[in-house]
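Visitor: Take a look at this one; I'll ask things after.
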Amino acid sequence: STSPPPVTAGSTSSGAWADLPAGSRPTVPYVDRNRYVIPGAGEEALSSRDRGVSGAVAFSDGLLVSDAAYFEGTNGLSLVRRGQRVESWPSASRCSRGVPVASGDGRFVSWVTVRCPESEDRSVGAVHRAETDGRHEVTQPIGPGLAQVVGFLGQGLVYNLGFQDGAWITDFEDAPSRIPGVDRVVRLSERTGL
């Protein structure tokens, strides 16, 4: 059998992008080039660094922005206020992995700091959680490896450790526990707890 011809914007196929009806305006925040747009509430400029954006969440009177410049499983993380990177916040000059996440109720934000590859960095990686306004930050050390936050389940935070070291959950008080039988979590539901 032969494959169908590719659909392009200029084609007349019913699947062409140009033929699709416009949907409703977004109702969730999104990134548009160098702007973070909050529907119904305005927008905020992002840092002018040309590294792309892989994720952003509201944090500490600004935005916690992960870039899209991946290197050996890591990427950059910046706190941006009024379009400028904040150079002096606690996780500055550290590498991260993945994107920061916010709790469903908007009360907490979580992110990861890890060792920067091919650098003199010898710090211990950690999973971080703070209130959205930046107060009451707590950390869960993860050692020298990589980790990536996935999301919140009640008071717990789910994260993946390494590339194949399992999915874990921490409440930032007791020792983290591995989720039995699960190697990696891609998405979770706060509503169902799954």
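The values are calculated or read from the model by the stated rules, or taken from the named source; none is laboratory data. This one's a predicted model, so the numbers in the text were calculated from it and none came from an experiment. Every residue, glycine as well, gets a Cβ built from its backbone with ideal geometry; the counts of neighbours run over all protein chains shown. Ligands, DNA and RNA are stripped out before the accessible areas are found, and what is left, the full protein with its side chains, is counted by its heavy atoms. Shrake-Rupley method; radii C 1.70, N 1.55, O 1.52, S 1.80 Å.
Visitor: P180: over 19 Å from L64 (Cα atoms) and either assigned to a strand (DSSP E or B) or touching a helix residue (DSSP H, G or I) at 6+ places or on another chain (Cβ under 9 Å) (or both), yes or no?
Guide: Against the criterion (over 19 Å from L64 (Cα atoms) and either assigned to a strand (DSSP E or B) or touching a helix residue (DSSP H, G or I) at 6+ places or on another chain (Cβ under 9 Å) (or both)), P180 does not qualify.
Visitor: Name the single residue, out of those in the range 134-149 being open to solvent by 40 Å² or more (accessible area, probe 1.4 Å) and assigned to a strand (DSSP E or B), that is farthest from G73 (Cα to Cα).
Guide: Among them, the one singled out is V138.
Visitor: Output the number of residues of the range 110-133 satisfying the condition of being open to solvent by less than 30 Å² (accessible area, probe 1.4 Å) and touching a residue at least 60 places away in the same chain (Cβ under 8 Å).
Guide: Matching residues across the range 110-133 total 1.
Visitor: Also, I was wondering about something else. Just to be sure before I move on: is S24 modelled with pLDDT of 85 or more, out of contact with any Ser or Thr (no Cβ under 6 Å at 6 or more places or on another chain) and hydroxyl-bearing (S, T, Y) in the structure I sent?
Guide: yes
Visitor: Continuing with the same structure: Condition test on A175, is it open to solvent by 40 Å² or more (accessible area, probe 1.4 Å), at pLDDT 90 or above and either over 24 Å from F71 (Cβ atoms) or over 17 Å from the mean Cα position of the chain (by Cα) (or both)?
Guide: On the way: open to solvent by 40 Å² or more (accessible area, probe 1.4 Å): yes; at pLDDT 90 or above: yes; either over 24 Å from F71 (Cβ atoms) or over 17 Å from the mean Cα position of the chain (by Cα) (or both): yes.
It is true that A175 is open to solvent by 40 Å² or more (accessible area, probe 1.4 Å), at pLDDT 90 or above and either over 24 Å from F71 (Cβ atoms) or over 17 Å from the mean Cα position of the chain (by Cα) (or both).
Visitor: Sticking with this structure for a sec: Might you let me know whether the range 49-56 holds any residue that is out of contact with any strand residue (DSSP E or B) (no Cβ under 8 Å at 6 or more places or on another chain), open to solvent by 70 Å² or more (accessible area, probe 1.4 Å) and modelled with pLDDT under 80? Give the derivation first.
Guide: Of the range 49-56, the ones out of contact with any strand residue (DSSP E or B) (no Cβ under 8 Å at 6 or more places or on another chain) are 50.
The next check asks that each one be open to solvent by 70 Å² or more (accessible area, probe 1.4 Å); those that pass are 50.
Next, only the ones that are modelled with pLDDT under 80 stay: 50.
Looking for residues that are out of contact with any strand residue (DSSP E or B) (no Cβ under 8 Å at 6 or more places or on another chain), open to solvent by 70 Å² or more (accessible area, probe 1.4 Å) and modelled with pLDDT under 80, one finds at least one in the range 49-56, hence yes.
Visitor: I've got another one for you. Does any residue of the range 162-177 turn out to be under 20 Å from V57 (Cβ atoms) and part of a loop (DSSP other than H, G, I, E, B)?
Guide: There is at least one residue in the range 162-177 that is under 20 Å from V57 (Cβ atoms) and part of a loop (DSSP other than H, G, I, E, B).
Visitor: Filter the range 150-161 for residues that are surrounded by 15 or more Cβ atoms within 10 Å (Cβ to Cβ) and without any contact (Cβ under 8 Å) to a residue 24 or more places away in the chain; which is farthest from V101 (Cα to Cα)?
Guide: Filtering first and then ranking leaves L161.
Visitor: Counting just the residues of the range 75-100 that are under 12 Å from the mean Cα position of the chain (by Cα) and hydroxyl-bearing (S, T, Y), which one comes out surrounded by the fewest Cβ atoms within 10 Å (Cβ to Cβ)?
Guide: Looking at the filtered set, the residue picked out is S78.
Visitor: Moving on. Of G162, G181, G145, which residue is of a type outside the set (D, E, K, R), in contact with a Gly (Cβ under 6 Å, 6 or more places away or on another chain) and on the phi > 0 side of the Ramachandran plot?
Guide: Just a single option satisfies the conditions, and that option is G162.
Visitor: Whether any residue in the range 118-127 is within 30 Å of R191 (Cα to Cα) and under 14 Å from the mean Cα position of the chain (by Cα) is what I want to check.
Guide: Yes.
Visitor: Has the range 174-193 got at least one residue that is touching a residue at least 24 places away in the same chain (Cβ under 8 Å), in contact with a strand residue (DSSP E or B) (Cβ under 9 Å, 6 or more places away or on another chain), closer than 17 Å to G106 by Cα and among the hydrophobic types (A, V, I, L, M, F, W, C)?
Guide: Scanning the range 174-193, I find at least one residue that is touching a residue at least 24 places away in the same chain (Cβ under 8 Å), in contact with a strand residue (DSSP E or B) (Cβ under 9 Å, 6 or more places away or on another chain), closer than 17 Å to G106 by Cα and among the hydrophobic types (A, V, I, L, M, F, W, C), so the answer is yes.
Visitor: Check A68 against each of (1) touching a Gly at 6+ places or on another chain (Cβ under 7 Å); (2) closer than 25 Å to L157 by Cβ; (3) surrounded by 15 or more Cβ atoms within 10 Å (Cβ to Cβ) and name the one condition it does not meet.
Guide: A68 satisfies every listed condition except (3).
Visitor: Here is a check on your reading of the model: is A130 under 25 Å from L188 (Cβ atoms) and either modelled with pLDDT of 90 or more or of a type in the set (S, T, N, Q) (or both)?
Guide: Yes: the conditions hold for A130.
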